[in-house]
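Values in this text are rule-based calculations from the coordinates and carry no lab data. The structure displayed is predicted, hence computed values, not measured ones. Note that each Cβ is placed from the backbone with ideal geometry, even for glycine, and that neighbours are counted across all protein chains shown.
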Amino acid sequence: MKNSFENEYAQYGIDNGIVRFIYKQNITIQLAGAMEIVSDRLQLQKGKAYPILCDIRGIIEINKDARRFLATEGSSLTKAVAFISDNPLSQILTDLYILANMPPTPTKVVCSELEGLQFLSEFIE
């Protein structure tokens, strides 16, 4: 990925008009981590809004405060978000997260990168 960045939680970069997030394996996210993730992403984006493809398969736990922060503050400069999850239970929990936290941008849980890219394609400039 061009314009890429990595921290202790994820690798992310901008590729073909989409910010791609890949969370590292066996990651637990607390509020401080969520704040770091959002701060790093916003620096990468340099003030421009993008659709976000977010591979959450590596996350094993995320606490309530971190979820709330990511759904609200974490939506800054996002046009739409596709979460990749290939685990049925994780998909259900992510759908519940979306319902409970009501992110302000279009958000969808998908099973594959291709499905996520298809969903986000209408949001690319």
The one condition in (1) within 15 Å of VAL19 (Cα to Cα); (2) in contact with a strand residue (DSSP E or B) (Cβ under 8 Å, 6 or more places away or on another chain) that SER76 fails to fulfil: (2)
Sole exception among (1) closer than 18 Å to GLN11 by Cα; (2) over 11 Å from the mean Cα position of the chain (by Cα); (3) of a type outside the set (Gly, Ala, Ser); (4) not in a helix (DSSP H, G or I) for LYS48, by number: (1)
Subset tally (residues that are surrounded by fewer than 13 Cβ atoms within 10 Å (Cβ to Cβ) and among the hydrophobic types (A, V, I, L, M, F, W, C)) for segment 32-51: 1
Criterion (aliphatic (A, V, I, L, M), farther than 15 Å from ALA82 by Cα, in contact with a strand residue (DSSP E or B) (Cβ under 7 Å, 6 or more places away or on another chain) and exposed (fewer than 14 other Cβ atoms within 10 Å of the Cβ)) met by exactly one of ILE60, ILE29: ILE60
Count of residues meeting criterion [part of a helix (DSSP H, G or I) and more than 23 Å from GLY13 (Cβ to Cβ)] in segment 53-91: 9
Any pair with Cβ under 6 angstrom, 6 or more apart, that starts in segment 25-38 at a residue that is in contact (Cβ under 8 Å) with a residue 40 or more places away in the chain and within 15 Å of SER75 (Cα to Cα) and ends at one that is among the aliphatic types (A, V, I, L, M) and in a helix (DSSP H, G or I): ALA34/ALA66; ALA34/LEU70
Unique residue being crowded, with 18+ Cβ neighbours inside 10 Å and farther than 21 Å from GLU8 by Cβ when the list is THR105, THR94: THR94
